[in-house]
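Novice: Pasting a structure below so you can have a look.
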Amino acid sequence: MRVYLDNCAYNRPFDEQQNIVIHIETMAKLVVQQMIKDGKLNLIWSDVLDYENNENPYEERRVKIAEWETYASVKVEVNETVISKTKEYVKIGLRSKDAAHIACAVYGGGDCFITVDKKILNKPVKDIMITDPVTFLRRLENVD
């Protein structure tokens, strides 16, 4: 199964962990990442992740997130197809960066787009399953 984690998901462990929902999402996201390391999931990386991560003002976070590119089995470069899909997703109310992430995930053959951004989770994207890390793990558990 190919998964794409957006920048919000990668940053979740750096968020304040006092909120129980944030803490649970962090723990689930870390399990997903371990599954990637163990070869149980295939990671998709993109130019859009590089771009957004490079804007991160916190060097430690930037470096830790950038290391995940080495685990990617697929690297998506922005091209005309990705740009076209991005425009399509913007029309349904996604912000341009979010739309570009999803377009990269779809172009990379992703089965699942994992995010903790509530503004993305509620959008009607039909090309890929969009979910949070907790729900993703629940679905995986039901498949096995």
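Bear in mind that the values in this text are calculations on the coordinates, not laboratory data. As the structure is a computational prediction, the values presented were derived from the model and not from experiment. A quick note on method: Cβ atoms are made from the backbone with ideal geometry, for glycine too, and the neighbour counts reach across all protein chains shown.
Novice: So if I check each of Ala72, Ala105, which one is in contact with a strand residue (DSSP E or B) (Cβ under 7 Å, 6 or more places away or on another chain), within 13 Å of Asp127 (Cβ to Cβ) and of a type in the set (A, V, I, L, M)?
Specialist: Just a single option satisfies the conditions, and that option is Ala105.
Novice: Continuing with this model, one more query. Give the range 65-84 a look and list any residue that's of a type in the set (D, E, K, R) and either touching a His at 6+ places or on another chain (Cβ under 7 Å) or touching a residue at least 24 places away in the same chain (Cβ under 8 Å) (or both), or say none.
Specialist: Within the range 65-84, Glu69, Lys75, Glu77 meet the criteria.
Novice: Restricting to the range 17-76, count the residues that are in contact with a Pro (Cβ under 6 Å, 6 or more places away or on another chain) and among the hydroxyl-bearing types (Ser, Thr, Tyr).
Specialist: Adding up the residues that qualify gives 1.
Rundown of residues vs (1) under 12 Å from the mean Cα position of the chain (by Cα); (2) in contact (Cβ under 8 Å) with a residue 24 or more places away in the chain, yes/no style:
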site	(1), (2)
Gly93	no, yes
Ser96	no, no
Ile102	yes, yes
Thr115	yes, yes
Lys118	no, no
Val125	no, yes
Pro133	yes, yes
Leu137	no, yes
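Novice: Tally up the residues in the range 31-53 that are under 14 Å from Asp6 (Cα atoms) and touching a helix residue (DSSP H, G or I) at 6+ places or on another chain (Cβ under 7 Å), please.
Specialist: 9
Residues checked against (1) within 20 Å of Lys97 (Cα to Cα); (2) under 12 Å from the mean Cα position of the chain (by Cα):
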site: Ala9; (1), (2): yes, yes
site: Glu16; (1), (2): no, no
site: Ile20; (1), (2): no, no
site: Gly39; (1), (2): no, no
site: Tyr51; (1), (2): yes, no
site: Arg62; (1), (2): yes, no
site: Thr70; (1), (2): no, no
